[in-house]
Amino acid sequence: MTLGAWDAQGVGAVVVGERRSIVGGNWKMNTDLAAAVELADNVVAGCQALLSECDVAVFPPFPYLQAVGRALGNHGLLLGAQDVYHQPNGAYTGEVSSAMLLDLNVQIVLVGHSERRHVIGEDNELVNTKVRASLESGLHVILCIGETLEQRQAGRTNQVNVAQLVAGLQGVGTEQMRQVTVAYEPVWAIGTGQTATPRDAVAVHRVVRRTIADLYDEDTAGSVRIQYGGSVTASNAADLFAEPEIDGALVGGASLEADQFMGIVRAAVES
Ligand code: PGA
């Protein structure tokens, strides 16, 4: 991997590395059992040939993990969970531990998704305990961060993202960072059809990467993958992925249609 020095442009400082893209389909609380299996079958059929060049993960609802895992088989797609609880077991009604996820061959988990933070009310501290517990159990983590519209309008975009990143990674060692991907998902872009411009996304990705360099080192910063998420579709993906700073996407709505999702994976491979 070639790592460039800090970009001399100051705030936009960035370490350039060669990173394999990762595209995730976050199905959220959608599909039923039959639809989930059908979607998984179609994603396998469409993506198989692309997996040598791009990591692809799907995140079905908890009850369908096992069936979707079976449909994914051993074709190389990653089975992901939308959330996890940090305790290994015990009296935590309704929660699911990383051991349970590993039992179902889950390899990767979303932590701190904006809907967990803003709808369910998870704070940075809880997100961090989930990140650490997941990493310790061997899961790969996608740590999601992102500012609300109000925070952006108040000029607090970088501050909010850096705070969520630093808090989320508290206690995570350099070695463990190999298991971490960051998803920058501005809340105002999620499910709204209002995608961030590549320029806006890159600006935040650079700040994220610089922060990781400050927390760890340049090698780590250069190799961590940073996805963009928020109204990514097959039509806008190529423009986003043309930016070397954007290492793939976390996709909600468009991941529920196999053709759309495949279009996004193809754009990642072609970038
Ligand atoms: P969206 O969701 O693609 O529907 O905007 C993205 C996400 O929440 O991960």
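For the reader, a short list of remarks on this structure follows.
- Phi angles across region 162-167 convert, under the Karplus curve 6.51 cos²θ - 1.76 cosθ + 1.60 with θ = phi - 60°, into 3J(HN,Hα) values of 5, 4, 5, 5, 5, 5 Hz, Gly and Pro given as x.
- For V109, distant residues with modelled amide H under 5 Å away: A81, H140, V141, I142
- Along its first, second and third principal axes, ordered by size, the chain spans 52, 43, 37 Å in Cα coordinates.
- Here is how the number arises for the chain: DSSP H runs of 4 or more residues each give -39500 (n - 2.57), the sum is divided by the residue count, and the result at 222 nm is -11000 deg cm²/dmol.
- Each peptide in 227-235, 245-253, 144-152 gets a packing score, the mean of other Cβ atoms within 10 Å over its residues, and the list from highest to lowest is 245-253, 227-235, 144-152.
- Cβ-defined net charge surrounding K28, 13 Å radius [Lys, Arg +1; Asp, Glu -1]: -2
- Distant-in-sequence amide H partners of A183 (H built 1.01 Å from N, under 5 Å): L143, C144, I145, Q227
- Vicinal HN-Hα couplings computed from phi for region 40-49 (Karplus, 6.51 cos²θ - 1.76 cosθ + 1.60; Hz; Gly/Pro x): 4, 4, 5, 5, 4, 4, x, 9, 2, 6
- Estimated dipole of the chain in Debye, rounded to 20 [Cβ of Lys and Arg +1, of Asp and Glu -1, Cα centre]: 160 debye
- Packing rank of 182-195, 118-131, where each peptide gets the mean count of other beta carbons within 10 Å, highest leading: 182-195, 118-131
- Inter-part distance where region 63-117 and region 203-233 are each reduced to a Cα centre, Å: 24 Å
- Global geometry of region 11-147, whether rounded, prolate or oblate, following the gyration tensor of its Cα atoms and the 1.5 cut on a/c: oblate
- Near V56, the amide H atoms lying under 5 Å from its own belong to V23, L78; only residues 5 or more places off or on other chains count, and H is placed 1.01 Å from N.
Read-outs throughout are calculated quantities, based only on the coordinates presented, and are distinct from any laboratory measurement. Because the structure is a prediction, the values reported are computed rather than measured. Because the Cβ atoms are built from the backbone with ideal geometry, glycine has one as well, and the counts that use them run over all protein chains shown.
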